[in-house]
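Peer 1: Here it is, the structure, as structure tokens.
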Amino acid sequence: MNKESTGLRTEANATIKLAIPIIIGELAQMALHIIDSAMVGSINYKQLAAVALVINAINIPLVFGIGMTIAVSQMVSMANGRNDARQVSHYLFNGFVLCSVMGVIISLALCFGTGILHHLGQDPDVVELAIPFMKLMSLSMIPMLMFMTLKQFTDGLEYTKTAMVLSLISLPLNVFINWLLIYGNWGAPRLELVGAGWGTLITRSLMFVVLAVVIFRHPIFRRYIAVRGSEWKLKARTWGELLHIGTASSLQLGMEAGAFAVSGLIIGTLGAVAQAAHQIALSLAAFTFMVSMGLAQAGSIRVSNAFGRKNWPLINVIGRSTIVTALIYGVLCAIIFATMRQVLPQLFNDNADVIALAATLLLFAAVFQISDATQAISAGLLRGIKDVKAPTILIAIAYWVIGIPVGYFLAFPLKMGATGIWLGLITGLTFAAAFLVTRFLKMVKKEETELVKA
């Protein structure tokens with residue numbers, strides 16, 4: 001084995017080691033949605049369709065908020081690379097205030113905007129079920145984004161196990177609360193879908209409170225809390241730095257989430273069965289995507305740390321090793337989806353028509369696993385070197401100029417229905433992956449060439 005291969009393997013292992021707790025935490029968060037879908041789906045498929053409608057409606061604002069929290073890990077990681085504890089603490093405070101304000105604004109806008117569900121061409125019964133659930137899910141965004149901000153802080157310092165443990169603990173707690181409130185067990189009121197909303201709100205609130213206590217009390221974080229008297233001050237320049245990365249990250253994630261959300265709304269016009277099948281396939285694809293996001297965050301954190309020291313050779317090796325890891329992971333996911341497509345939908349619903357269509361859509365989900373993993377990780381690597389403007393434009397072109405129009409054309413003029421929409425998603429993801437990988441490799445090569453010349 002040559003030196004380059006050894007270097008790639010070493011860096012890939014280091015990134016995976018950092019990513020595993022992030023991945024587990026992300027999967028746990030995604031599992032909260034899947035738990036809601038599965039538990040209410042056992043009542044009837046229209047309640048499952050209502051979950052799908054709400055998730056599609058709130059996904060873009062939610063992802064925008066999460067994108068803002070990503071800026072915290074980026075700036076904390078760069079400051080940590082320079083071993084500047086005061087700057088780390090400063091970014092923690094300003095990032096937390098910024099993201100909390102963002103959470104309140106998003107939550108209130110969605111709570112007062114539930115009427116939009118009546119104008120999306122959806123099944124009226126599904127809309128009536130969805131409105132109270134949407135209000136509770138919107139309120140739960142506030143503690144969720146506050147938790148995510150603190151999580152990004154600990155992740156940026158490469159203490160990724162802290163939030164992972166809390167996320168794992170939240171799963172049985174959420175299941176228990178759902179079991180009480182959805183089905184009316186132990187004398188609790190039977191709230192069905194609304195009960196799932198209360199379960200999510202309560203669980204997310206407790207997660208935030210516990211993580212905040214850990215950060216204030218644990219010795220690991222003491223040196224960052226100890227300097228709060230001098231560093232916990234709001235500064236316009238700091239908000240500008242956070243907004244520069246956060247807004248671009250939000251737009252990148254939002255445009256992808258938006259493509260999936262719009263696709264879901266279009267499919268919803270085809271009927272409740274198509275909507276439910278789409279939600280099953282999308283839930284499973286989103287679950288595997290959380291692994292890609294974990295790898296993307298780990299790679300981005302490691303690249304940011306190296307970027308803080310301007311170590312371009314290390315950035316190159318970390319980046320290429322992470323991209324290879326993404327390709328391998330994407331292939332494994334594709335194989336699992338293709339071989340298990342008849343079994344997996346039965347975890348969510350027992351309607352034969354829903355299961356049959358979901359099985360077909362899972363074949364398309366299998367195809368885009370490779371490009372989805374690759375584009376997510378490449379975008380993360382580019383954020384790590386503070387390259388966010390051009391990637392945002394490239395992502396917009398891939399999804400909204402290419403992917404969505406292709407999907408719409410296939411679905412309606414060519415009468416391919418839901419399968420046409422999913423083919424459009426595959427097209428957009430593939431172009432995004434090609435654009436972003438090419439840009440990252442070119443930028444690193446350019447910087448290394450200039451370093452040699454100097």
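Peer 1: Would you calculate, for the chain, the mean residue ellipticity at 222 nm contributed by helices, counting each DSSP H stretch of 4 or more residues as -39,500 (n - 2.57) and dividing by all residues, to the nearest 500?
Peer 2: -29000 deg cm²/dmol
Peer 1: Roughly how large, in nm² to one decimal, is the mean projection of the convex hull of the alpha-carbon atoms in segment 22-62?
Peer 2: Directional mean of the projected Cα hull area for segment 22-62 stands at 3.1 nm².
Peer 1: So what's Rg/Rh here for segment 1-78, counting alpha carbon atoms and using the Kirkwood radius for Rh?
Peer 2: Answer for segment 1-78: 1.19.
Peer 1: Another one. Principal axis lengths of the chain from Cα atoms, whole Å, largest first?
Peer 2: Cα extents, longest axis first: 65, 49, 39 Å.
Peer 1: Under 22 Å Cα-Cα from LYS386, which lysines qualify once same-chain neighbours fewer than 8 residues away are excluded?
Peer 2: Within reach: LYS151, LYS235, LYS310, LYS442, LYS445, LYS446.
Peer 1: Based on the Kirkwood radius over alpha-carbon pairs, what value in µm²/s does the Stokes-Einstein equation return for the translational diffusion coefficient of segment 157-301 at 37 °C and 0.692 mPa s?
Peer 2: So the translational diffusion coefficient is about 171 µm²/s.
Peer 1: In 5 Å bins starting at zero, report the fraction of Cα pairs in segment 49-92 per bin as a rounded %.
Peer 2: P(r) for segment 49-92, in whole percents per bin: 5, 21, 17, 13, 10, 9, 9, 8, 5, 2.
Peer 1: Please say if segment 123-206 is rounded, prolate or oblate, where rounded means a/c under 1.5 for a ≥ b ≥ c the square roots of the C-alpha gyration tensor eigenvalues, and otherwise the choice is prolate for a/b larger than b/c and oblate otherwise?
Peer 2: Oblate, since a/c reaches 1.5 and b/c is not below a/b.
Peer 1: While we're looking at this one, here's another question. Taking the solvent-accessible surface of protein heavy atoms with a 1.4 Å probe, what is the per residue accessible area of the chain in Å²?
Peer 2: Result: 39 Å² per residue.
Peer 1: Something else about it: Computed over the Cα atoms, what is the radius of gyration of segment 212-366 divided by 2.2 N^0.38 Å, N being its residue count?
Peer 2: Output field value: 1.43.
Peer 1: Continuing with this model, one more query. Per Stokes-Einstein, at 10 °C and 1.306 mPa s, what whole-number D in µm² s⁻¹ belongs to segment 308-446, with the Kirkwood radius over Cα pairs as the hydrodynamic radius?
Peer 2: 97
Peer 1: Turning to a different aspect of this structure: If the reach is capped at under 30 angstrom between alpha carbons, list the lysines near LYS46, excluding any in the same chain fewer than eight residues apart.
Peer 2: LYS135, LYS415
Peer 1: Which three extents, in angstrom, do the Cα atoms of segment 49-157 have along their principal axes, listed largest first?
Peer 2: 56, 19, 16
Peer 1: Sticking with this structure for a sec: Got the relative contact order for segment 31-94 handy, in percent, Cα pairs under 8 Å and 6 or more residues apart?
Peer 2: Answer for segment 31-94 is 18 percent.
Peer 1: Explain nothing, just the number: relative contact order of the chain, from Cα pairs under 8 Å at least 6 residues apart, as a whole percent.
Peer 2: 23
Peer 1: Using only Cα atoms, figure out Rg for segment 256-302 and give it as a multiple of 2.2 N^0.38 Å.
Peer 2: For segment 256-302, the normalised Cα radius of gyration comes out at 1.45.
Peer 1: Tell me whether segment 400-454 comes out rounded, prolate or oblate; compute the Cα gyration tensor, take square roots of the eigenvalues as a ≥ b ≥ c, and use a/c under 1.5 as the rounded threshold.
Peer 2: Cα axes put segment 400-454 in the prolate bin.
Peer 1: Would you please calculate the Kirkwood hydrodynamic radius of segment 72-133 over all C-alpha pairs and express it in Å, rounded to one decimal?
Peer 2: 14.6
Peer 1: Please list the helices of the chain that count as membrane-span-like by this rule: a mean Kyte-Doolittle hydropathy of at least 0.0 together with Cα atoms stretching 24 Å or more along the helix axis, each helix being a complete DSSP H run.
Peer 2: Result, helices passing both filters: 3-41, 45-81, 85-111, 161-183, 193-217, 236-268, 272-308, 312-339, 352-384, 418-453.
Peer 1: Moving on. What part of the accessible area of the chain, given as a whole %, is carbon or sulfur when the probe is 1.4 angstrom?
Peer 2: 68
Peer 1: Here's a follow-up. Quick one: check the C-alpha center-to-center distance for segment 118-191 versus segment 283-350, whole angstrom.
Peer 2: If we compute the Cα centre of each part, the gap is 24 Å.
Peer 1: Roughly what would the spin-label model give for PHE112 and ASN83, points 7 Å off Cα along C-beta, in nm?
Peer 2: Inter-label distance under the simple model: 5.1 nm.
The values are calculated or read from the model by the stated rules, or taken from the named source; none is laboratory data. Fair warning: this is a prediction, and the values are worked out from it, not measured in the lab. As a convention, Cβ positions derive from the backbone with ideal geometry for all residues, glycine included, and neighbour counts pool all protein chains shown. Ligands, DNA and RNA are stripped out before the accessible areas are found, and what is left, the full protein with its side chains, is counted by its heavy atoms. Shrake-Rupley method; radii C 1.70, N 1.55, O 1.52, S 1.80 Å.
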